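J.: Input: one structure, supplied below.
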Amino acid sequence: MRSGFAPSCWLALVLLPGCREPGAAANSAPATVEQADAIRGAMRAYEAAALAHRGAEASSLVTKHTLDSYERVRQLALHADRAELRAVGLMDRIRALGMRARYSTAELQGMVNGSFARFVDDGMVNAEDLAGWSFGAIDVEGDRALATHISKRHGKGPRWTFHLQDGRWRIDLESMTTVAASAYEAVLLRNGRPLDETIVALIGDMVGRQLDESIWTPPLRR
């Protein structure tokens, strides 16, 4: 049983390698040695923090876009009904329901601007997918970089996006989540069951208990 709520972006992209991932812009260029070292250093630091469940440290190594996405999902976990959840992307839907199943209302309310750190602290970010990695080609365009991720576990995978923010290269995990969503939905639909039913069963496996339809009812109304 996987501990993380966020389905592996890597898994989706490996299973359906034809799905679209971020591409280098026409005016990008190979990273300089200094840039490549900094980007690899950022990845090593994030890997160490995630594997050790050091949420505050991991939060300092990802983009604001990533942190904001987890805050958005926390709000969905607290307030969104089934119709609203169906209207958002698949990954947000799964993460929101996962938060709802894993945490109490009081815990969710206490995570203001800190839900990503809490996920890392609790081992909910699929850190095992990070073990044994290297980067292939790294391309840079301004404050954005794309690095081809190679895993001992899965082989060549998707390109990871980094952004230079406040003088430091940071990982944009949310960009990978967006890329993987359509691929992961196709994977989930392969069993022929309704998607809602599959999602609830998946989250039940992740939290170690059977869930029912009440998971779609928000703990708080807007």
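The values are calculated or read from the model by the stated rules, or taken from the named source; none is laboratory data. Computed from a predicted model, the values in this text were never measured in an experiment. All Cβ positions, even for glycine, are placed from backbone atoms using ideal geometry, and neighbour counts span all protein chains on display.
J.: Residues in segment 61-75 that are farther than 21 Å from residue 46 by Cα and either of a type in the set (Lys, Arg) or buried (at least 20 other Cβ atoms within 10 Å of the Cβ) (or both): how many?
T.: Matching residues across segment 61-75 total 3.
J.: A further question on this structure: Among the residues of segment 170-185, are any assigned to a strand (DSSP E or B), of a type in the set (Val, Ile, Thr) and closer than 23 Å to residue 98 by Cβ?
T.: Within segment 170-185 (the criterion being assigned to a strand (DSSP E or B), of a type in the set (Val, Ile, Thr) and closer than 23 Å to residue 98 by Cβ), the answer is yes, since at least one residue qualifies.
J.: Is segment 119-126 home to any residue that is in contact (Cβ under 8 Å) with a residue 24 or more places away in the chain, assigned to a helix (DSSP H, G or I), surrounded by 16 or more Cβ atoms within 10 Å (Cβ to Cβ) and within 13 Å of the chain's Cα centre (by Cα)?
T.: yes
J.: What is the residue count in segment 95-118 for residues that are under 16 Å from residue 202 (Cα atoms), crowded, with 24+ Cβ neighbours inside 10 Å and in contact with a Phe, Trp or Tyr (Cβ under 8 Å, 6 or more places away or on another chain)?
T.: Number satisfying all stated conditions: 4.
J.: Now a separate question. Identify, by number, the condition in (1) at positive phi; (2) in a helix (DSSP H, G or I) that residue 192 doesn't meet.
T.: Result: residue 192 fails condition (2) only.
J.: Which residues, counting only those in segment 94-106, are out of contact with any Asp or Glu (no Cβ under 9 Å at 6 or more places or on another chain), more than 14 Å from residue 220 (Cα to Cα) and basic (Lys, Arg)?
T.: Listed by number, the list holds a single entry, 95.
J.: What is the residue count in segment 141-155 for residues that are assigned to a strand (DSSP E or B) and among the acidic types (Asp, Glu)?
T.: Summing the residues that are assigned to a strand (DSSP E or B) and among the acidic types (Asp, Glu) in segment 141-155 gives 1.
J.: Considering only residues of segment 145-186 that are modelled with pLDDT of 80 or more and of a type in the set (Val, Ile, Thr), which is nearest to residue 68 (Cα to Cα)?
T.: Here the residue is 171.
J.: Related question: Name the helices (runs of 4 or more DSSP H) wholly within segment 6-110 that hold at least 2 residues that are at pLDDT below 95 and more than 24 Å from residue 181 (Cβ to Cβ)?
T.: So the answer is 33-51.
J.: Output yes when any residue across segment 193-212 is of a type outside the set (Val, Ile, Thr), within 22 Å of the chain's Cα centre (by Cα), surrounded by 12 or more Cβ atoms within 10 Å (Cβ to Cβ) and under 30 Å from residue 42 (Cβ atoms), and no when none is.
T.: yes
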